[in-house]
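A.B. asks: Before anything else, here's the structure in question.
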Amino acid sequence: GTSHSCPIACGAGMIVQELFNEQLSAKDVPADPGPAMVRAVLTNTATDLFGGNNGNGGTNTHVPNPQQGWGSVNLGALISFKDALYVSDQEVLFTASGQTHEVLLSRVDPAKPIKFTLAWTDAPGVPGTVALVNNLDLEVDDNGTVYKGNVFTNGFSSTGGSADNRNAIEAIYLNNPGPGALVVRVKAFNIAGNGVPNVGGALDQDFALFATNAT
């Protein structure tokens, strides 16, 4: 239940902070990860509970779902990929809708999936509404095949679907990408608020982009 899972997740977040500062910083990973990066790391490295106790009454549905979220916290997965991480934490600042940031990444171990996770700390919303103020979208272009964030089938990303306009965390997991580099794209679909107070102008949003098994 939540009385156990919440403090465990909180402690795991503190360990992520320590790992970035004391171990991963030697591998050119920026120290002092922000809250969005900690969320991205815990999401990306979580274990899918499909086939086990996933809290869904035994129906065995893959991540992501309302019962297990993105899975069970697994810091061992982060350690196992310590030499194959991509980290971009608050390095890019969107200041207007329609702006785009791209990076080329390739899979390191062909026997394992490559996983991308985008997270951001949104500006305060309007009470009584269920909507993002600053809406970012994650896309991955695999040799012309485009995957959208949070469009999943059986635990891995699938083509089609619609861009997510409800969640401030998006992920794309590719089990069998094509050869060569993948174009990872973060798009500022709508920038309507001040997502980074005391920096820049009244309309802005930064983000955390994290990938495992990537270079």
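A.B. asks: If you roll a 1.4 Å probe over the chain with all protein chains in place, what percent of the accessible area is carbon or sulfur?
C.D. replies: Roughly 53 percent, rounded to a whole number.
A.B. asks: Another question about this same structure. Gain in length, residue 102 to residue 153, computed as 0.36 nm per residue apart minus the alpha-carbon separation, to one decimal in nm?
C.D. replies: This chain segment gains 15.9 nm when fully extended.
A.B. asks: Which FRET efficiency, nearest 0.05, do residue 25 and residue 143 yield, Cβ-Cβ r, R0 35 Å?
C.D. replies: For R0 = 35 Å, the calculated efficiency reads 0.55.
A.B. asks: Not counting ligands, DNA or RNA, and with a 1.4 Å probe, what is residue 91's accessible surface area in Å² rounded to the nearest 10?
C.D. replies: Surface open to solvent at residue 91 totals about 120 Å².
A.B. asks: For segment 1-114, just the Cα atoms, rotate onto the principal axes and tell me the three extents in Å, largest first.
C.D. replies: Principal axes ranked by extent give 42, 35, 34 Å for the Cα atoms.
A.B. asks: With the alpha-carbon atoms as the only input, what is the per residue convex hull volume for segment 160-215 in Å³? It would help to have the intermediate numbers written out before the result.
C.D. replies: Numbers: hull volume 7.4 nm³, N = 56.
Per residue, the Cα convex hull of segment 160-215 comes to 132 Å³.
A.B. asks: For segment 110-172 and segment 12-47, what is the separation of their Cα centres, given in Å?
C.D. replies: First find each Cα centre; the distance between them is then 20 Å.
A.B. asks: Helix-only mean residue ellipticity at 222 nm, the chain, DSSP H runs n ≥ 4 weighted -39,500 (n - 2.57), per residue, nearest 500. What is it?
C.D. replies: Mean residue ellipticity at 222 nm (helix-derived): -5500 deg cm²/dmol.
A.B. asks: Out of 29, 110, 195, whose Cα points farthest toward the positive end of the dipole of the chain (charges: +1 Lys, Arg; -1 Asp, Glu; placed on Cβ)?
C.D. replies: Sorting the options by dipole projection puts first 110.
A.B. asks: Can I ask one more? Got a sec? Charge dipole of the chain, +1 on Cβ for Lys and Arg, -1 for Asp and Glu; which of 81, 208, 160 is way out at the positive end?
C.D. replies: Toward the positive end, the furthest listed residue is 160.
A.B. asks: So, one more: With +1 on each Lys and Arg Cβ and -1 on each Asp and Glu Cβ, how big is the dipole of segment 72-183 about its Cα centre, in debye rounded to the nearest 20? Intermediate values should be presented prior to the final figure.
C.D. replies: Values: 6 positive and 12 negative charges, 62 e Å.
That gives segment 72-183 a dipole magnitude of about 300 debye.
A.B. asks: Taking the chain as a Gaussian network, Cα atoms linked when under 10 Å apart, which of 157, 25, 97 shows the biggest mean-square fluctuation?
C.D. replies: 25
A.B. asks: Can you give the net charge of the other residues whose Cβ lies under 11 Å from the Cβ of residue 103, counting K and R as +1 and D and E as -1?
C.D. replies: That works out to -1.
A.B. asks: What are the ³J(HN,Hα) couplings of segment 68-82, residue after residue, when phi is run through the Karplus curve with 6.51, -1.76, 1.60 and θ = phi - 60°? Round to Hz, x for glycine and proline.
C.D. replies: 10, x, 9, x, 8, 3, 8, 5, x, 5, 5, 5, 5, 9, 4
A.B. asks: Something else now. Expressed as a fraction of 2.2 N^0.38 Å, the rule-of-thumb size for a compact globular protein of N residues, what is the C-alpha radius of gyration of the chain?
C.D. replies: 1.00
A.B. asks: At q = 0.25 Å⁻¹, what base-10 log of I(q)/I(0) does the Debye formula yield for segment 128-171 when every alpha carbon is treated as an equal point scatterer in vacuo?
C.D. replies: Debye output, listed in q order: -0.88.
A.B. asks: On to the next question. Explain nothing, just the number: dipole magnitude of the chain about its Cα centre with +1 on each Lys and Arg Cβ and -1 on each Asp and Glu Cβ, in debye rounded to the nearest 20.
C.D. replies: Values: 10 positive and 19 negative charges, 92 e Å.
For this selection, approximately 440 debye.
A.B. asks: Using a 1.4 angstrom probe, figure out how much accessible area the chain has per residue, in square angstrom, rounded to the nearest whole. Write out the running numbers ahead of the final one.
C.D. replies: Numbers: 10390 Å² over 215 residues.
Counting only protein heavy atoms, the per-residue value for the chain is 48 Å².
The values are calculated or read from the model by the stated rules, or taken from the named source; none is laboratory data. The structure presented is a predicted model; accordingly, all values stated were derived computationally and were not measured. Note that we place each Cβ from the backbone using ideal geometry, even for glycine, and neighbour counts take in every protein chain shown. Side chains included, ligands, DNA and RNA excluded: accessible areas come from the protein's heavy atoms. Shrake-Rupley method; radii C 1.70, N 1.55, O 1.52, S 1.80 Å.
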